[in-house]
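Notes follow the structure.
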Amino acid sequence: MRKQDLIRLVTCAALATAPMMTPTIAAGQATATSAVAPTPPAPQMPPSLVPAQVVDLMTPDGSAVFGAQWRTMEARIVEGPAIANAMPGYKTSYDIQPHAGESGFDDSSWPTISAKGLADRRGGGKVSFIWYRTSLTIPAKIGNFDTSGATAVLTAYVDDYAEVWVNGQMPRRAGYPSPAAVQGFNMPNRVVLADAVKPGDKFQIAIFGINGPISVAPMNFVWFREAKIEFFR
């Protein structure tokens, strides 16, 4: 009988403790989840149709349509400690600074450039990186074209590679075509800004220009071949 009493006592204690443990486990799970970086927005494939309206952002008049003021800054490679769980022998990691694609980034101290200045050859050559930033505001009309409800696509054609951030995010998904990521050697990034824009919509654009191929360290510079907004119906 004493043995049975002991078993009953242990069982009751375990049942009484279980409800108190549950909130602790749940809180630990919530903390772990909140530490994970937010999932980037899914990429969208741009239309292959003939656009209803095209605006050249590399002209003063074209950039003025969206109230765009371009700013630029060279990015640099910085050294830091290896990340957690790196294999033995790897003591160093490398990153770029600044992270100018992120939401809320302050570029007010950066030098401004004209729309035509997008074509200027920038950087010191070989392995180099240049940030370009601007804000675009969708107008109600462009000439006789009514923008309401149109699909807006940004084309950023940088020599040699580019990554495109829109409103603090680079749309991408592993294993799927992601137009905001590097598209190939001297190929344009065509990024959907919105399926249906409306007048007054604002888009913060950050374009990371890369001189490449990186393993070849080319004797040239970073510059835009083309920058435009296309509208589709």
### Checking ALA84 against (1) touching a residue at least 12 places away in the same chain (Cβ under 8 Å); (2) assigned to a loop (DSSP other than H, G, I, E, B); (3) among the hydrophobic types (A, V, I, L, M, F, W, C), the condition it does not meet
(1)
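Every residue, every condition in (1) polar (S, T, N, Q); (2) under 27 Å from ASP106 (Cβ atoms), yes or no:
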{"position": "GLY117", "(1), (2)": "no, yes"}
{"position": "LYS141", "(1), (2)": "no, no"}
{"position": "ASN144", "(1), (2)": "yes, no"}
{"position": "THR151", "(1), (2)": "yes, no"}
{"position": "TYR161", "(1), (2)": "no, yes"}
{"position": "GLY175", "(1), (2)": "no, no"}
{"position": "GLN183", "(1), (2)": "yes, no"}
### Task
Kindly list the number of the only condition in (1) farther than 30 Å from VAL50 by Cα; (2) in contact (Cβ under 8 Å) with a residue 24 or more places away in the chain; (3) surrounded by fewer than 16 Cβ atoms within 10 Å (Cβ to Cβ) that fails for SER148.
(1)
### Any pair with Cβ under 9 angstrom, 6 or more apart, that starts in region 108-130 at a residue that is closer than 17 Å to ASP159 by Cβ and at pLDDT 95 or above and ends at one that is part of a loop (DSSP other than H, G, I, E, B) and acidic (Asp, Glu)
ILE113/ASP120
### Summary
For region 123-138 the number of residues that are surrounded by fewer than 22 Cβ atoms within 10 Å (Cβ to Cβ), more than 15 Å from the chain's Cα centre (by Cα) and not hydrophobic (A, V, I, L, M, F, W, C) is 5
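Hey, among the residues in region 89-119 that are among the charged types (D, E, K, R) and touching a strand residue (DSSP E or B) at 6+ places or on another chain (Cβ under 6 Å), which one's surrounded by the most Cβ atoms within 10 Å (Cβ to Cβ)? If you could, list the steps in order and put the result at the bottom.
Here is the first cut: in region 89-119, the residues among the charged types (D, E, K, R) are 91, 95, 102, 106-107, 116.
Filter again for touching a strand residue (DSSP E or B) at 6+ places or on another chain (Cβ under 6 Å), leaving 95, 107.
Details: ASP95: 11, ASP107: 19.
So the residue we want is ASP107.
The values are calculated or read from the model by the stated rules, or taken from the named source; none is laboratory data. For clarity, every value in this text was computed on a predicted model and none was experimentally measured. As a convention, Cβ positions derive from the backbone with ideal geometry for all residues, glycine included, and neighbour counts pool all protein chains shown.
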